[in-house]
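Student: One structure follows; several queries about it will come next.
Taken together, the values in this text are just the output of simple stated rules run on the coordinates, not laboratory data. Model, not experiment: these values are computed from the prediction. Don't worry about glycine lacking a Cβ; one is built from the backbone with ideal geometry, like all the others, and counts go over all protein chains shown.
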């Protein structure tokens with residue numbers, strides 16, 4: 001970081017006060033606003049039909065409408081997100097539990113493999129109408145869809161994390177007479193948890209998609225229903241505002257999971273290792289001091 | 001020659017032998033399932049009997065043959081969407097790998113596209129592209145873009161410094177290094193991305209069919225579900241699985257043929273493992 005700073009400082013001396021990073025940010029902004037400007041101009045000059053391709057300014061206006069003036073996005077956002085969280089937790093528990101069960105048991109693994117292959121090839125979101133017919137309209141069928149859509153990634157990742165143990169390390173552990181519990185805690189889990197976390201991240205994204213599909217079919221409440229209704233009314237600007245809301249939500253989910261991953265699997269990053277090392281050093285110092 | 005046939009015979013025998021417990025288990029599951037529904041432990045509206053599902057499959061495929069039309073519609077939508085999405089993704093990834101500024105100024109938009117749940121675009125894409133096959137193809141293309149883009153780019157950006165130096169030392173041009181070193185090194189990852197992309201393209205086609213369509217497996221599925229004809233609905237779901245398997249294994253076949261050097265290493269690894277097992281057995 002420090003080296004990069006001195007490098008950019010050296011460059012900034014040549015390029016008239018702007019550092020490399022500042023110049024890049026400026027160029028990014030320039031490209032972005034040129035695109036937006038072209039879009040706006042195209043819509044205003046009648047090259048783009050505003051009925052289907054709304055102007056950026058009218059999308060901004062829709063943001064104002066759905067967030068502040070009408071405020072109807074909050075309720076739907078809450079409805080979708082509570083479903084997503086509930087389904088994701090259910091799917092995670094199911095996926096990780098089943099993955100661990102299958103991963104630790106070679107017989108179960110052998111017999112389950114063909115079913116897993118079949119399940120992997122099925123577009124799992126396609127069971128949505130079936131589940132709605134079986135469980136009825138409402139939250140229960142939506143959550144069932146989300147659970148079904150998002151359990152698979154944690155399942156596969158837990159399975160592969162548990163199965164793909166480093167053979168050499170395992171031999172070392174055995175030669176030191178490690179117990180099964182020790183092998184699990186100190187060898188299998190440290191390697192498996194980052195993989196499982198990656199599965200959880202995929203699952204959360206899939207959960208959001210599953211919730212949207214469920215809402216598209218049920219059309220009662222939530223972001224999916226909102227987008228559908230706005231588009232059917234050809235209120236494209238509001239529909240786009242909803243989609244950009246989901247983009248922001250997706251970004252927050254991505255960053256949030258990255259943060260959680262960073263803290264749970266702390267041994268995979270230097271800052272986490274340093275934190276642990278510092279703590280141990282302090283403890284050791286205190287012990288020696290006594 | 002006799003030696004060869006004998007080994008293949010034992011292999012066939014062992015494979016046949018290995019498949020028997022699977023079949024027994026499968027039959028057992030079906031029998032328990034059938035019994036549970038017939039004895040009333042499970043409501044047949046929620047989970048139909050296996051025999052009812054088989055009957056529905058027979059009707060869809062052989063008696064009426066309604067499935068074929070819808071099957072090929074969905075297959076076409078998924079494949080055409082995949083081809084469009086994959087070609088855009090691969091060309092953008094190649095441009096990004098070749099030019100640093102291009103990557104810097106294009107990747108934010110790719111990331112925005114990635115964090116947006118692509119399925120949310122379904123109603124808008126239907127409004128843009130109409131009720132026909134166009135909208136399904138478009139959604140399939142949008143959904144399969146990102147996994148292919150990111151895998152191709154990652155593959156092309158991984159540099160093997162030693163090999164590159166070897167290429168330079170024998171006077172290879174940049175174009176040659178790209179064509180003969182970086183592209184082959186990227187192919188395994190590219191195919192991994194293509195396999196994910198095919199699955200997501202199928203999801204896109206089916207979800208778009210749920211929303212608004214007149215033909216396709218997705219339409220058939222939602223129609224049967226809302227008629228509470230669960231057996232036919234599950235039979236349709238199995239046809240979707242079949243489409244998924246066809247797509248996946250054709251990509252696997254291409255992977256095996258095009259990335260043939262990995263097949264060699266895979267085979268070498270398999271034969272090494274067999275030799276080790278053999279040695280262990282002989283040692284005992």
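Student: Helix-derived [θ] at 222 nm for chain A: sum -39500 (n - 2.57) over DSSP H runs of at least 4, divide by residue count, nearest 500? Numbers along the way, then the final one.
Tutor: Details: 14 runs with 230 residues, N = 290.
So the helix-based figure for chain A works out to -26500 deg cm²/dmol.
Student: When only C-alpha pairs under 8 Å and at least 6 residues apart count, what is the relative contact order of chain A, in percent? Let's see the in-between values first.
Tutor: On the way: 275 pairs, mean separation 60.1, N = 290.
Computed value for chain A: 21 percent relative contact order.
Student: For A:34-42, what's the mean count of beta carbons from other chains sitting within 10 Å of each residue's beta carbon? Each step should come with its number before you reach the end.
Tutor: Numbers: counts 0, 1, 0, 0, 0, 0, 0, 0, 0.
Taking the mean over all residues of the peptide, I get 0.
Student: Can I ask one more? Using the 2.2 N^0.38 Å rule of thumb for compact globular proteins, work out how chain B stacks up: its C-alpha Rg over that value, please. Before the final figure, lay out each step's value.
Tutor: Details: Rg = 24.5 Å, N = 284, 2.2 N^0.38 = 18.8 Å.
Working it through for chain B, the quotient is 1.30.
Student: Can you show me the helix-derived [θ] at 222 nm for chain B, built from DSSP H runs with n ≥ 4 at -39,500 (n - 2.57) apiece and divided by the number of residues, rounded to the nearest 500.
Tutor: Values: 12 runs with 232 residues, N = 284.
Calculated from helices alone, the mean residue ellipticity at 222 nm is -28000 deg cm²/dmol.
Student: Let me ask something else about it. Provide, as a two-decimal number, the C-alpha radius of gyration of the range B:154-205 over 2.2 N^0.38 Å, N being how many residues it has.
Tutor: On the way: Rg = 15.0 Å, N = 52, 2.2 N^0.38 = 9.9 Å.
It is 1.52.
Student: Only Cα pairs within less than 10 Å get springs; with that Gaussian network setup on chain A, which residue of A:196, A:217, A:156 has the largest fluctuation?
Tutor: A:217
Student: Same structure, new question: Over all residues in A:131-138, what is the mean tally of Cβ atoms on other chains that come within 10 Å of each residue's Cβ?
Tutor: Averaged over the peptide's residues, the number is 3.
Student: With the crude spin-label approximation of a point 7 Å out along Cα→Cβ, what separation in nm comes out for residue A:270 versus residue A:45?
Tutor: Taking the simple label geometry, residue A:270 and residue A:45 are separated by 5.1 nm.
Student: As an exercise, use a Förster radius of 22 Å and the Cβ-Cβ distance of residue A:263 and residue B:112 to find the FRET efficiency, rounded to the nearest 0.05. Mind dumping the intermediate values first?
Tutor: Working: r = 26 Å, r/R0 = 1.18.
Here the calculated transfer efficiency is 0.25.
Student: Same structure, new question: What's the exposure ranking of B:190, B:25, A:112, going from fewest to most Cβ atoms within 10 Å?
Tutor: Working: B:190 25, B:25 14, A:112 17.
In order of increasing Cβ crowding within 10 Å: B:25, A:112, B:190.
Student: Which percent of Cα pairs goes in each bin when the distances of chain A are cut into 10 angstrom slices starting at zero?
Tutor: The distribution over chain A is 6, 18, 22, 21, 19, 11, 3, 0, 0, given as percents.
Student: Hey, in the GNM for chain A with a 10 angstrom Cα cutoff, which one of A:111, A:137, A:251 fluctuates hardest?
Tutor: A:111
Student: Here is a further query. What FRET efficiency comes out for residue B:69 versus residue B:42 if R0 is 45 angstrom and r is the Cβ-Cβ distance? Round to the nearest 0.05. List each step's numbers first, then the result.
Tutor: On the way: r = 32 Å, r/R0 = 0.72.
Taking R0 as 45 Å, the efficiency between residue B:69 and residue B:42 is 0.90.
Student: Let me ask something else. Taking every residue in B:242-253, how many Cβ atoms of other protein chains lie within 10 Å of its Cβ, on average?
Tutor: On the way: counts 3, 3, 8, 5, 1, 1, 3, 1, 0, 0, 0, 0.
Across the residues of B:242-253, the mean count of other-chain Cβ atoms within 10 Å is 2.
Student: Roughly how many whole Å is it from the C-alpha centroid of the range B:110-189 to that of the range A:27-97?
Tutor: Using only Cα atoms to place each centre, the spacing works out to 25 Å.
Student: Using R₀ = 35 Å, calculate the FRET efficiency as 1/(1 + (r/R₀)^6) where r is the Cβ-Cβ separation of residue A:52 and residue A:25; round to 0.05. Show your work: numbers first, answer last.
Tutor: Numbers: r = 33 Å, r/R0 = 0.94.
Efficiency for this residue pair is about 0.60.
Student: If I model a spin label as a point 7 Å beyond the Cα along the Cα-Cβ vector, how far apart are those points for residue B:22 and residue B:159 in nm?
Tutor: Label-label distance for residue B:22 and residue B:159, simple model: 4.5 nm.
Student: Fewest Cβ neighbours within 10 Å first, please rank A:197, B:240, B:221 accordingly.
Tutor: Details: A:197 21, B:240 25, B:221 28.
Ascending Cβ contact count within 10 Å gives the list A:197, B:240, B:221.
Student: If you don't mind, another one. GNM, chain A, Cα, under 10 Å: largest mean-square fluctuation among A:24, A:124, A:44?
Tutor: A:24
Student: Which whole-number percent of Cα pairs in the protein assembly as shown have a distance greater than 30 Å?
Tutor: Numbers: 101886 of 164451 pairs.
Summing the P(r) of the protein assembly as shown above 30 Å gives 62 percent of all pairs.
Student: State, as an integer percentage, the relative contact order of the range B:48-265 based on alpha-carbon contacts under 8 Å between residues 6 or more apart. Present the calculation step by step, with values, prior to reporting the outcome.
Tutor: Numbers: 265 pairs, mean separation 64.8, N = 218.
Contact order relative to length: 30 percent.
Student: Mark the label point 7 Å from the Cα of residue B:252 along Cα→Cβ and return the residues of the range A:157-176 whose backbone N is within less than 18 Å of it.
Tutor: Residues A:157, A:160 qualify, since their backbone N sits under 18 Å from the label point.
Student: At what distance in nm do the modelled label points of residue A:115 and residue B:269 sit from each other, each positioned 7 Å from its Cα along Cα→Cβ?
Tutor: Between residue A:115 and residue B:269, the simple spin-label model gives 2.8 nm.
Student: Still on this structure, please answer the following. Order of A:32, A:254 from fewest to most other C-beta atoms within 10 Å?
Tutor: A:32, A:254
Student: Please give the peptides B:148-158, B:29-39, B:73-83 ranked by average Cβ packing (other Cβ atoms within 10 Å per residue), highest first, as a rough proxy for protection. Let's see the in-between values first.
Tutor: Working: B:148-158: 21.4, B:29-39: 13.3, B:73-83: 23.6.
Highest to lowest by the protection proxy: B:73-83, B:148-158, B:29-39.
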